[in-house]
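*Asks:* Here it is, the structure in full.
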Amino acid sequence: MKKIQSTCNYCAIDCNLDFYVEDNRVVKVVPTAGYPVNDGFCCIKGLSLDKQQTTVKPGSLPKIRQADGSFRQVSWEEGFQHVADKLKELQAKYGPESVAGISTGQLTLEEFAIFGHVMRNYLKTNVDGNTRLCMATAVVAHKQSYGFDAPGYTLQDLELSDTIIFIGSNPVVAHPILWGRVRNNQVPGHKVIVIDPRRSETAMNADYWYGLRWRSDLVLLYTVANLLIEKDYLDHEFIEAHTEKFPEFREFVKAYTLERGVADTGLSREQILELVELIHSGKRVSFWWTMGVNQGYEAVRTAQAIINLALMTGNMGKPGTGANSITGQCNAMGSRTYSNTAVFFGGGDFANPARRQRIAGVLGVEESMLAEKPTKTYNQIIEGINAGEIKGLWILCTNPRHSWTNNETFASAAKKLELFVVQDIYDTIESAEDCTVFFPVVPGLKKEGTYINLERRLSAMRPVLERGENEISDYEAILGVGKALGMGDALKGWETPRDCFNLMRECSRNMPGDITGITWEALENSHGIQWPYPEGREAELSDDQRRLYEDGRFFTPSGKAQFVFEEVRENPLPRTEKFPYVLNTGRGTVGQWHTQSRTREVRFVEDVSVKGAYLYMNPELADQKGIREMDRIRVYSANGQNALFTVKLTGNVSREELFAPIHYMECNRLTPSVYDPYSKEPSYKATPVRFEKV
């Protein structure tokens, strides 16, 4: 029996696991002891990765839809050539941007990079990913406030903080290993605070819960900032030495009085003042946010309001502090920096001449071959298909028929495509129903690559099992299409994931996220390595837990962090007399994952999960409407759609709020086509709805 250390490719924690293999079968999965992230622990999803060892059967080959609607199985070579020919045909007929791609946060760094090279550089078209659905807000907030997409914390800060504030975040369910770090906190008298409209599982385990009105978080944060200033609960030395635009911010928040905060948030004067005192009394205060903040119509400014609180109180760059974004998917950080979509490989502006010259030199191509601008965003791609402007789409490891906001718009788009390539480990996902080509690829147990977790830690995915006949990886599928397109020498140096990793290392040189000191070999059986890790500084940066901004230097031209702020926006989709309630969304259970295409393989998860769509309703509202536990209701959304749900009663949601888990397609049938103006992240939360009993 042999032991192989690899990375769990579910959530952004990136736990490492030891796979015990005998006769090419996983016999046992054990969380890696001593690994800085999970140290011998993991959740049920990671422990169940062995269930995917038979997902792709030997003999798996591409399928091409025929004129009569049936599929014909073909060789990989024929599949590659078919897709390449169709891509070129569509571009010749309709223009370069008539084809597009949508990736995910679950591919490896190397798979992101080669897809970006083929689609963005060579084909000069657009590729976005479902990182847009979860982390685009944090990316833009980091860039504008810090000068680079660089979350500064390490997970150890959860154990060192004396005041831990979760805003729109529910780690008990969404990031249980992260919550384990909270439980490991031994700081005497430490406090856990939750700001969330719902009394979530994390709120139930917190010392303080502030159940504010939905979408009032920005007003609350500005109000708290104003009160901190009025009481002079500030770190003047840090503000002066390491930030800019604080005087303007101080004037701005004067309009956010305590009275306004009470009126808009639904919290009492005493609650808001208590929160201010808790922040002030903490010596090491850490603020943590995730999708409850990111998925909103003014999400970037909300994230920056959190950053502002950390900056003004000096809770930045020190142990147990920070304004810390919790990432959703396993390699969202890799997608953000290496997918060649919003920035060049390793970071940088597509229009920067020096950066263009540098990347062209590393890749060994003419500068004219490189992408010239950031990609069209996810919503623009879907809207472009429905408008008849985009005729071909290639999606990888994602299920937008289920996960895209207002998902009937994707259903409509899929039917209009002349080429729709779905590349996945399952041909049963909802998005595959209308595909014209299906590429079956292997799961993580059978491929290699690199992941970057939420604290900037690179870790290795290494093959646990040998592949069967005709089984290939995502990387090889993309490479195969690239060769069929005739890319020739433009693919020199991209032959294997290891080769690609070395290219990306060199692309990162002298950038904030420099990884030139990390080698492919060094990641194997390691503790992972956090960026930055430039070549020549390996000994200096040997600590397993490193944070940024300890020296007070940021990545802006001045080296100072920016206070960024803006007036609260009017809700573009408010409640009305016709739609008097709000639908909020989030995770259901620890075992479920996104659209459940993977976790439905796990018998334990299936056994304990509700099979059909359900939502939570307050008992008072249910009593008023004559609804009982397990009744069926039809929910009508302001987006024009409706769906059926089973009702579960709980006092953990307010009387005017419904809460539905995201794991059922009915949920995003109801969410709206509303986006943050800066990140273009969908506003999945607080959709106006009405309902009737079935």
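The values are calculated or read from the model by the stated rules, or taken from the named source; none is laboratory data. Bear in mind that the values here come from a model prediction, so they are computed numbers and not experimental data. Because the Cβ atoms are built from the backbone with ideal geometry, glycine has one as well, and the counts that use them run over all protein chains shown. The area values use the complete protein model at the heavy-atom level, side chains included, leaving out ligands, DNA and RNA. Shrake-Rupley method; radii C 1.70, N 1.55, O 1.52, S 1.80 Å.
*Asks:* Of the numbered conditions (1) touching a Phe, Trp or Tyr at 6+ places or on another chain (Cβ under 9 Å); (2) within 23 Å of Val300 (Cβ to Cβ); (3) among the charged types (D, E, K, R); (4) crowded, with 16+ Cβ neighbours inside 10 Å, Arg213 fails exactly one; give the number of that condition.
*Replies:* Of everything listed in (1) touching a Phe, Trp or Tyr at 6+ places or on another chain (Cβ under 9 Å); (2) within 23 Å of Val300 (Cβ to Cβ); (3) among the charged types (D, E, K, R); (4) crowded, with 16+ Cβ neighbours inside 10 Å, Arg213 misses just condition (1).
*Asks:* Quick test of your reading of the structure: Asn121 fulfils all but one of (1) in a helix (DSSP H, G or I); (2) polar (S, T, N, Q); (3) in contact with an Asp or Glu (Cβ under 9 Å, 6 or more places away or on another chain). Name the failing condition by number.
*Replies:* It is condition (3) that Asn121 fails.
*Asks:* Answer yes if at least one residue in segment 97-119 is among the hydroxyl-bearing types (Ser, Thr, Tyr) and open to solvent by 50 Å² or more (accessible area, probe 1.4 Å), and no otherwise.
*Replies:* Initial filter on segment 97-119 (among the hydroxyl-bearing types (Ser, Thr, Tyr)): 98, 103-104, 108.
This time we only want the ones that are open to solvent by 50 Å² or more (accessible area, probe 1.4 Å), so: none.
Scanning segment 97-119, I find no residue that is among the hydroxyl-bearing types (Ser, Thr, Tyr) and open to solvent by 50 Å² or more (accessible area, probe 1.4 Å), so the answer is no.
*Asks:* Only one of (1) over 23 Å from Arg199 (Cα atoms); (2) at pLDDT 85 or above; (3) of a type in the set (Asp, Glu) is not met by Glu601, so which one is it?
*Replies:* Exception for Glu601: condition (2).
*Asks:* Every residue in segment 673-694 that is outside any strand (DSSP E or B), farther than 19 Å from Gly168 by Cα and not aromatic (Phe, Trp, Tyr), please. Can you show your working first?
*Replies:* Step one: of segment 673-694, the residues outside any strand (DSSP E or B) are 673-674, 676-681, 683-686, 694.
When the remaining residues are screened for being farther than 19 Å from Gly168 by Cα, the result is 673, 677-678, 694.
Within segment 673-694, Ser673, Pro677, Val694 qualify.
*Asks:* Also, quick follow-up: Pick from segment 129-148 the residues that are open to solvent by 10 Å² or more (accessible area, probe 1.4 Å) and not in a helix (DSSP H, G or I): which of them is farthest from Glu244 (Cα to Cα)?
*Replies:* It comes out as Cys134.
Yes/no per residue for (1) part of a helix (DSSP H, G or I); (2) in contact (Cβ under 8 Å) with a residue 40 or more places away in the chain:
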position: Ile193; (1), (2): no, yes
position: Arg215; (1), (2): no, yes
position: Leu220; (1), (2): yes, yes
position: Asp232; (1), (2): no, no
position: Ile239; (1), (2): yes, yes
position: Phe249; (1), (2): yes, yes
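*Asks:* When Thr589 is evaluated against the numbered criteria (1) surrounded by fewer than 20 Cβ atoms within 10 Å (Cβ to Cβ); (2) among the β-branched types (Val, Ile, Thr); (3) in contact with a Leu (Cβ under 6 Å, 6 or more places away or on another chain), which criterion, by number, is the only one it fails?
*Replies:* (3)
*Asks:* Here's a follow-up. Could you tell me whether Gly651 is at pLDDT 95 or above, among the small types (Gly, Ala, Ser), out of contact with any strand residue (DSSP E or B) (no Cβ under 8 Å at 6 or more places or on another chain) and within 21 Å of Ser200 (Cα to Cα)?
*Replies:* Spelling it out, Gly651 is indeed at pLDDT 95 or above, among the small types (Gly, Ala, Ser), out of contact with any strand residue (DSSP E or B) (no Cβ under 8 Å at 6 or more places or on another chain) and within 21 Å of Ser200 (Cα to Cα).
*Asks:* Would you confirm whether or not segment 488-498 contains a residue that is in contact (Cβ under 8 Å) with a residue 24 or more places away in the chain and of a type in the set (Ser, Thr, Tyr)?
*Replies:* no
*Asks:* Kindly indicate the residue of segment 33-66 that is over 30 Å from Leu417 (Cβ atoms), open to solvent by less than 10 Å² (accessible area, probe 1.4 Å) and at pLDDT 95 or above and also farthest from the chain's Cα centre (by Cα) among those meeting that condition.
*Replies:* Ranking the qualifying residues of segment 33-66, first place goes to Tyr35.
*Asks:* OK, next. Quick check on my filter: what residues within segment 153-172 are in a loop (DSSP other than H, G, I, E, B) and open to solvent by less than 10 Å² (accessible area, probe 1.4 Å)? Spell out the reasoning first.
*Replies:* To start, the set of residues in segment 153-172 that are in a loop (DSSP other than H, G, I, E, B) comprises 153-156, 161-162, 168-170.
Within segment 153-172, Tyr153, Thr154, Leu155, Ser161, Ser169 meet the criteria.
*Asks:* Sticking with this structure for a sec: If you take the residues of segment 377-407 that are over 22 Å from Val481 (Cα atoms) and in a loop (DSSP other than H, G, I, E, B), which of them is most open to solvent (accessible area, probe 1.4 Å)?
*Replies:* If we take residues in segment 377-407 being over 22 Å from Val481 (Cα atoms) and in a loop (DSSP other than H, G, I, E, B), then Glu389 is most open to solvent (accessible area, probe 1.4 Å).
*Asks:* Now, a different point. Based on this model, can you work out whether Leu220 counts as within 26 Å of Pro688 (Cα to Cα) and either modelled with pLDDT of 95 or more or open to solvent by 60 Å² or more (accessible area, probe 1.4 Å) (or both)? Quick ask: steps written out before the conclusion?
*Replies:* Details: within 26 Å of Pro688 (Cα to Cα): yes; either modelled with pLDDT of 95 or more or open to solvent by 60 Å² or more (accessible area, probe 1.4 Å) (or both): yes.
Judged against the criteria, Leu220 is a match.
*Asks:* Taking the conditions exactly as written (part of a helix (DSSP H, G or I), without any contact (Cβ under 8 Å) to a residue 12 or more places away in the chain and not acidic (Asp, Glu)), does Gly261 satisfy them or not?
*Replies:* no
*Asks:* When residues of segment 615-649 are filtered for being surrounded by fewer than 16 Cβ atoms within 10 Å (Cβ to Cβ) and either on the phi > 0 side of the Ramachandran plot or not in a strand (DSSP E or B) (or both), how many remain?
*Replies:* Number of matching residues: 10.
*Asks:* Shifting gears a bit: Out of Ala255, Ala241, report the one residue that is surrounded by fewer than 19 Cβ atoms within 10 Å (Cβ to Cβ), farther than 30 Å from Asn584 by Cβ and among the hydrophobic types (A, V, I, L, M, F, W, C).
*Replies:* Ala241
*Asks:* Hey, can you tell me all the residues within segment 532-580 that are of a type in the set (Lys, Arg), under 25 Å from the mean Cα position of the chain (by Cα) and either over 30 Å from Ala638 (Cβ atoms) or not in a loop (DSSP other than H, G, I, E, B) (or both)?
*Replies:* Those that are of a type in the set (Lys, Arg), under 25 Å from the mean Cα position of the chain (by Cα) and either over 30 Å from Ala638 (Cβ atoms) or not in a loop (DSSP other than H, G, I, E, B) (or both): Arg546, Arg547.
*Asks:* Out of (1) touching a Phe, Trp or Tyr at 6+ places or on another chain (Cβ under 8 Å); (2) surrounded by fewer than 15 Cβ atoms within 10 Å (Cβ to Cβ), the odd one out for Ser597 is which?
*Replies:* If we test Ser597 against (1) touching a Phe, Trp or Tyr at 6+ places or on another chain (Cβ under 8 Å); (2) surrounded by fewer than 15 Cβ atoms within 10 Å (Cβ to Cβ), just (2) comes out false.
*Asks:* Where residues in segment 497-525 are of a type in the set (Ser, Thr, Tyr) and open to solvent by less than 20 Å² (accessible area, probe 1.4 Å), which of them is farthest from His82 (Cα to Cα)?
*Replies:* Looking at residues that are of a type in the set (Ser, Thr, Tyr) and open to solvent by less than 20 Å² (accessible area, probe 1.4 Å), I get Thr516.
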